[in-house]
Amino acid sequence: MAASPRTARVVSPVRPRFDVSVWSYMRWSGVLLIPLAFGHLAIMHLINNVHVIDACFVYYRWAMVGWRVYDALLLWLAYIHGLLGLRYVIDDYVHQPGLRRGLKGLAVALGVALLTVGSVALVGGVRVTELPGGC
Amino acid sequence: MHGLGLLLRQGLTYRGGLYQLSWVAHRIAGLGTLLFLTIHIVDTSLVFFAPELYNHAIQLYRNPFFGIGEVILVGCVLWHGLNGLRIAVSDWFPHLWSPQTQRPMLTAVVVAFLVLYIPVAAYMLVTIVARGFMGG
């Protein structure tokens, strides 16, 4: 009896177009994040730091719309970049299809929740009226 | 999570040298930054949802324990950014993916990282010590 021909078995559905988009996004967002994230670290973690920053500091900072746009760009570019990076890690180390789907679902939920919360805060701004001493 | 343990063991035993280590460091730095970012988005959002609680959160970050974490975070972002730039540029111009080009590129990344990180980390550590262990 002749041996049956070896055929490649598709283990998981392949989404080449989506993967190419992710590949491209990781590079473009990464390069944009270099000035954005390095600048953010320099301004908020070196020149200013946690000993200087408080709610009023953020209030005066966000009085300039430019900083809100800067922070919004950072929020969206960085967090999506991070979660897509997590997707690579999940694909590399989690081989059970159910667990893999579950973890990716969790990552999407986390992304939706945190980008929503972060954007609401950026638009809403610092609620100075809630601070006993004001600013 | 046997995966991460395997990653660390491979990073130390696989004979990929500095290239392999740069990849392991890139991955760990990325995951570390993602973890920080998740916490950081929540705490910053408190300025809208509960401004008094935001001030309390910042007060916690003034603790030297978090200060050390911040020094590590800056290292993670710096390495991930510089090494990531090498990957992106090499992918856009694939002829750069030759051992003759990658060696000086990786050396440049390591040198740039050390030149930027050593003074920055030193400055941050001095601030931590100057503020004292009660967090100023």
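The values are calculated or read from the model by the stated rules, or taken from the named source; none is laboratory data. Note that this is a predicted model, so its numbers are computed, not measured. Don't worry about glycine lacking a Cβ; one is built from the backbone with ideal geometry, like all the others, and counts go over all protein chains shown.
Scanning region B:39-52 for residues that are at the interface with chain A (Cβ under 7 Å from one of its Cβ atoms) and either crowded, with 17+ Cβ neighbours inside 10 Å or in contact (Cβ under 8 Å) with a residue 24 or more places away in the chain (or both) turns up B:I41, B:T44, B:S45, B:V47, B:F48, B:P51. Among the residues of region A:102-122, those that are out of contact with any helix residue (DSSP H, G or I) (no Cβ under 8 Å at 6 or more places or on another chain) and hydrophobic (A, V, I, L, M, F, W, C) comprise A:L106, A:A109, A:V112, A:A113.
Just one of (1) within 9 Å of chain B (Cβ to nearest Cβ); (2) modelled with pLDDT under 95 fails for A:C135. It is (1). Screening B:L73 against (1) away from chain A (no Cβ under 13 Å); (2) surrounded by 11 or more Cβ atoms within 10 Å (Cβ to Cβ); (3) under 19 Å from the mean Cα position of the chain (by Cα) leaves a single unmet condition, (1). When every residue of region A:15-35 is checked against the conditions, at least one turns out to be surrounded by fewer than 16 Cβ atoms within 10 Å (Cβ to Cβ) and of a type in the set (K, R). Here is the figure for region B:59-114: residues that are among the acidic types (D, E) and closer than 30 Å to A:C56 by Cβ total 1.
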